[in-house]
Amino acid sequence: MVLAAPFLTVLLPLLGAAGAQEEDALGPAKVNVQNASYNKVPNTTRGYIADAKIGDEVTVLAYEGSFAKVKRADGTEAYIAKSALIPSEKYVKSPANEKDMGELKGQGYEAGRFDPETEASYKKEKGPEMEKAFQNVDLWEARQAWISQRGTLSKKMDEFRKGGKLAEYSNVK
Amino acid sequence: MTNRILVPILVAALAAAVGCSHPKLTESQEYYVGRGVAANAMFDSEGKYVGLYDKDQNLEEYVALVGLSVALESDRPETFKGYHFGVVNSPDINAFAAPGGFIFVTTGALKLMENEDELAGVLSHEIGHVNLRHPEDHANRAADQAGVMGILDTGGHLMSSALSILGRKSAADNLATLTKGFGSVLDGFTKELIVNGYGRESELAADALGVKVLCRPGVRYNPNALKDFISRLPKKDRGAWSTHPELEGRMQAIDDEIKKQGPAAATDSARTARFKAATAGLRGS
C-alpha cells in the first residue's frame, strides 16, 4: 500500500488526461503524425512550405476550418491540418518512431502497446501466410511513399486536378 | 509477498481508472491496427490468400490520386502515416476503410464502375468514415471487448512499467497478452467491417460527409455519381439496404445532401477517359 499510493497519485491524472475530449485549444501543440506539411494557405496540397516532423512544437494561433494557423519554432507562421496536431500535454511518444522508441525503452517501456513488436509477435503466431500478407502491406506502403513527399505531391495533385478539370479547373465555381 | 498483494490492487485501480476515462487508441496504435486489418483483408472469406491487385501499379496510383483528391480536402487530411489506397484482388463488390486511413476498393467494384466520379464517390464515402473516426471507434470497441484496453495507451505504457518495477509480470507475458488482444481486435474487426460495414447510421453519415467533400471548391466531383453506383449494386451487395424502400431512403438522403451543396459539377469526359484507360487492364483480365 505504501508503494501503490504514490503510483496512483502520479498515474490517475495522466490517465484522465489521456481520455479527455480533445478540444480546439490555442497555445502549445505538437505534431502527432509522421507525414504532414506546413503550408502558406489552409490546404495540404497548395502553398507548400516544408514537411512537418512528428514531435515538432508549435503554437496554435487560430483555427480556420480543418486547419490551424501556427507559429513554428523558428518564429515563422504557417498552416497545418488540425488533425496533425495534439495539445502538447497530450502528446504520447510513438513506438513507431525509432528515436522515441529508444527513449521509451530507456523509461522501462516493454511491449505495452500495439506496435512493431506486437505486430511481429502476431505474425509469428499466425504463420507464413500472414507473414506474406504483411509483406504485401509493406510493399504497398513503400509503393505509395510518394504520398509522403509533400513538395512533389503538391505538383502531382495540381496536374491531376488540371487533367480532370477538378477544383479550380472545374467549370462550376 | 508484498507484491502479491500490491500488484492486483494496483492493476485493479488502474484498470478502473482507464475504464472511467474512456481510453482510446493513439494515432500510432490506430496505424498498427490499420496495418493489421489491411493484412487480414488480403484473405477471402474462406481464408484463402488473395492479396492486393498489384500487377498494375498504374491502376493503384490512379486510385490513390482520385482518393487523395478527396482525402486531402476533407476534414481530416492527415493521419499518422497518411492515407493509403489499395485495390483488393477480389470479385466481391466492396470498399472499406480501416483505422489510420487505409482505404480499399475491390477489383469487383472497379469493374462495376463506369467513370472516375463514381470511384471518387465511393472513396469519398470511405474517407467520410475516416473523418468521422468510425474505424477508430470500432477498433476501440473491439479492443475494449478483447479486454486489452487496460494495457493500452498512456495507461498501458505506465502500467506495463509499473508491473515490471514490481517484478510481477515479465515483458514476455505482456507481449503475449498484447498479441492475443491484437489478434482478437483484428479478427473481430476485419470480419465485421468487410461483411457488415459500420452500421446503417454510420453509413448514412459517411454518405452525407462524402457528398459534402465531393462538392467542395477544392474537389468538384459529380456527387450524383455516388448514387449512380449504388443504384447499380446487385441486391446481395447492398448491405443494410437490401430492400427497395430502404435503398430509396438512402438515395433520398444523398439527394437531400446534394441539394444543400448548391450547383453540382457534371461528370467530365476527360475524367471518364482516364478512368477507362486506368482500368482497361482490369476489364481485359
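Read-outs throughout are calculated quantities, based only on the coordinates presented, and are distinct from any laboratory measurement. Here the structure is a predicted model, which is why all the values come from computation and not from measurement. Cβ atoms come from the backbone with ideal geometry, glycine included; neighbour counts cover every protein chain shown.
Ranking request for peptides B:216-226, A:150-160, B:132-142: highest mean number of other beta-carbon atoms within 10 Å first, then the rest in descending order.
Answer by packing, highest mean first, reads B:216-226, B:132-142, A:150-160.
Please give the net charge around residue B:232, taking every other residue with its beta carbon less than 12 angstrom from that of residue B:232, where Lys and Arg add +1 and Asp and Glu add -1.
So the environment of residue B:232 carries a net charge of 0.
Return the average number of partner chain Cβ atoms within 10 angstrom of each residue Cβ along peptide A:156-168.
For this peptide, the per-residue mean of nearby foreign Cβ atoms is 6.
Just tell me which aspartates and glutamates come within less than 12 Å, Cα to Cα, of residue A:30; anything on the same chain fewer than 8 places away is out.
A:56, A:57, A:89
Too long at a 22 Å Cα-Cα cut-off: which of A:69/A:173; A:69/B:260; B:227/B:276; B:191/B:212; B:48/B:191; A:40/A:90?
A:69/A:173; A:69/B:260; B:191/B:212; A:40/A:90
Going by C-beta contacts inside 10 Å, put B:62, A:63 in order with the fewest on the left.
The fewest-first ordering by Cβ neighbours comes to A:63, B:62.
Let me see the pair-distance distribution of segment B:177-285: every alpha carbon pair, 5 Å bin width, integer percents in order.
2, 10, 15, 17, 15, 16, 13, 6, 4, 2, 0
Under the definition of partner shielding as Cβ atoms of other protein chains within 10 Å of a residue Cβ, what is the mean value for peptide A:43-49?
The per-residue average across the peptide is 3.
State whether segment B:64-109 is rounded, prolate or oblate according to the following rule on the C-alpha gyration tensor (a ≥ b ≥ c being the square roots of its eigenvalues): a/c under 1.5 gives rounded; otherwise a/b larger than b/c gives prolate, and the remaining case gives oblate.
prolate
If you take each beta carbon of peptide B:180-188 and count the beta carbons of other chains within 10 angstrom, what is the mean?
3
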